[in-house]
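**Student:** Right, I'll just put the structure down here and ask away after.
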Amino acid sequence: MTTLVLLDHDDDGTPRPAALELVTAARPLGEVHGVWVGDGLDAALPGLADAGVLIVHRLPADVWWPAALAEALHAVRSATGADLVLLASTSEGKEVAAGLAVLDGAAVVTDAERVERVEGALRVTKSVLAGTWVSTVEVTSPVAVVTLEPNAVRAEPAAAPSSPQVVDVQVAVSELARSVTVVRTPRQATGRPDLATADVVVVAGRGVDGHLSPVEELADLLGGAVGATRVVADEGWLPREQQVGQTGVAVAPRLYIGVGVSGAVHHRGGMQSAGTVVAVNSDPDAPIFEFADYGIVGDLFDVLPALTAELRRLRELA
Ligand SMILES: Cc1cc2nc3c(=O)[nH]c(=O)nc-3n(C[C@H](O)[C@H](O)[C@H](O)COP(=O)(O)OP(=O)(O)OC[C@H]3O[C@@H](n4cnc5c(N)ncnc54)[C@H](O)[C@@H]3O)c2cc1C
């Protein structure tokens, strides 16, 4: 059994945390092959060896957009006979997964939290219906394409390192895939981690009333990303790309802190896979308290400064 893992990486060749999580999730399922797009692989090889990747299929840099990448992954998957392709559950990962599944005639399961083989069958576990149900999917097709939620698995080194073999792959991308023009607009750097894959996400809700600094200060202290509810994006207090929810970015951090967020079902749909949920809200009956692990009932403009002051004090002691 071979699993192909798409190794997302930064422009400087540093594998994204989600890529190493995918490799960790893939190891118990069989041989792990990575797929690397573009330059920077040489610097990443020691880390991939520690993670136990056996073969890395290197694709040229010019297949980076979803339509081309789906075709390129299809070529690698067919050549290797892999029965599973794992990608990160980001909007781009899911777009590639959909295209690849069509080309491979494969089953596709998105937003997975666990992937395992039980008596030879591939089983995928995921949260559904705004986190109120856990659903287990058994894949019955010969090939499966699965996107795994960032942070669902903790990246860990393999018991024994590998010596990854690098295979350069040339692919001819179809005219159809080339008929798409993708324009990338670099986001203004905030110095904060990427919202979709961040370990910690602090979300501002309507309760902040346009005053973002307490939320940003808390996020920065925790090394986290800042998210917004739709109301906050509608008001223009934060950019639309930072909206978390059913019609925004889906996040799965280890720690989610909702500040002045009511916890509406459309918001919950995008953060239902978060590990620990903390809510700060002045209304004790706010729906977010029904699914929060820790709740602080109080005015955020009192609670957040106290919280950040205490975090700073603890940091100084450490
Ligand atoms: C089709 C559809 C799709 C949607 N998609 C999304 C989506 O992707 N993401 C999303 O977020 N929403 C989405 N929504 C909107 C969603 O239903 C809610 O309206 C929205 O999430 C509410 O945002 P909020 O929690 O900021 O505001 P509110 O619901 O107004 O809650 C504000 C909270 O702040 C608290 N508060 C006020 N002042 C303070 C204070 N000083 N200190 C502490 N707490 C305070 C209040 O008690 C209240 O609970 C969608 C809606 C629809 C219909």
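**Student:** Using the count of nearby Cβ atoms within 10 Å as a rough guide to exposure, how do THR181, THR2, THR276 rank from fewest to most? Intermediate results must be reported in sequence, preceding the final value.
**Tutor:** Numbers: THR181 6, THR2 18, THR276 13.
Exposure proxy ranking, most exposed first: THR181, THR276, THR2.
**Student:** A follow-up question, please. Among bridges DSSP assigns within the stretch 3-121, what percent are antiparallel (round to 5)? Don't jump to the answer; show the numbers that get you there.
**Tutor:** Numbers: 2 of 14 bridges.
Antiparallel: roughly 15 percent of the beta bridges in the stretch 3-121.
**Student:** Tell me, what is a quarter of the convex hull surface for the C-alpha atoms of the chain, in nm² with one decimal?
**Tutor:** On the way: hull surface 69.7 nm².
Orientation-averaged projected area of the Cα hull: 17.4 nm².
**Student:** Hey, another quick one. Using a Gaussian network model of the chain with C-alpha springs under 10 Å, which one of SER262, SER273, SER91 is most mobile by mean-square fluctuation?
**Tutor:** SER91
**Student:** Percent antiparallel among DSSP beta bridges with both residues in the chain, to the nearest 5?
**Tutor:** Numbers: 13 of 59 bridges.
Rounded to the nearest five, the antiparallel share is 20 percent.
**Student:** Mind checking the angle between helix 17-26 and the chain's longest principal axis? C-alpha axes, 0 to 90 degrees, to the nearest 10.
**Tutor:** 60
**Student:** Still on this structure: Looking only at LEU307, LEU87, LEU100, which one moves most when the chain is put into a Gaussian network model with springs between Cα atoms under 10 Å?
**Tutor:** Comparing LEU307, LEU87, LEU100 in the GNM, the peak value goes to LEU307.
**Student:** Name the shape class, rounded, prolate or oblate, that the alpha-carbon gyration tensor gives for the stretch 175-274, where a ≥ b ≥ c are the square roots of its eigenvalues, rounded holds for a/c under 1.5, and otherwise prolate holds if a/b is larger than b/c and oblate otherwise. List each step's numbers first, then the result.
**Tutor:** On the way: a/c = 1.73, a/b = 1.59, b/c = 1.09.
Prolate shape, in that a/c is at least 1.5 and a/b is the bigger ratio.
**Student:** Further question: Could you list ARG77, ARG154 so that the one with the fewest beta carbons within 10 Å of its beta carbon is first and the one with the most is last? Before the final figure, lay out each step's value.
**Tutor:** Numbers: ARG77 24, ARG154 11.
The fewest-first ordering by Cβ neighbours comes to ARG154, ARG77.
**Student:** Taking only Cα atoms and a 10 Å spring cutoff, compute GNM fluctuations for the chain and point out the largest among GLU71, GLU149, GLU290.
**Tutor:** Checking each option, the largest mean-square fluctuation is seen for GLU290.
**Student:** Quick check: the angle from helix 91-104's long axis to the longest principal axis of the chain, C-alpha only, nearest 10 degrees?
**Tutor:** 30
**Student:** ALA67: net charge of surrounding residues, Cβ under 9 Å, Lys/Arg +1, Asp/Glu -1, itself excluded?
**Tutor:** Around ALA67, the charge tally is -1.
**Student:** Quote the charge dipole size of the stretch 42-199 about the Cα centre in Debye, to the nearest 20; the model charges only the Cβ of Lys and Arg (+1) and of Asp and Glu (-1).
**Tutor:** Dipole of the stretch 42-199, to the nearest 20 debye: 220 debye.
**Student:** Regarding the stretch 1-97, what whole-number volume in Å³ per residue does the convex hull of its Cα atoms give? Write down the numbers at each step before the final one.
**Tutor:** Numbers: hull volume 8.2 nm³, N = 97.
Taking only Cα atoms, the stretch 1-97 has a hull volume of 84 Å³ per residue.
**Student:** What ranking do LEU45, LEU22 get, fewest neighbouring Cβ atoms within 10 angstrom at the top? Please report the intermediate quantities before stating the final value.
**Tutor:** Details: LEU45 17, LEU22 34.
With the sparsest Cβ surroundings first, the list reads LEU45, LEU22.
No value in this document is a laboratory result; all are computed from the given coordinates. All of these numbers come straight from a predicted model, not from anything done at the bench. Backbone-built Cβ (ideal geometry, glycine too); neighbour counts: all protein chains shown.
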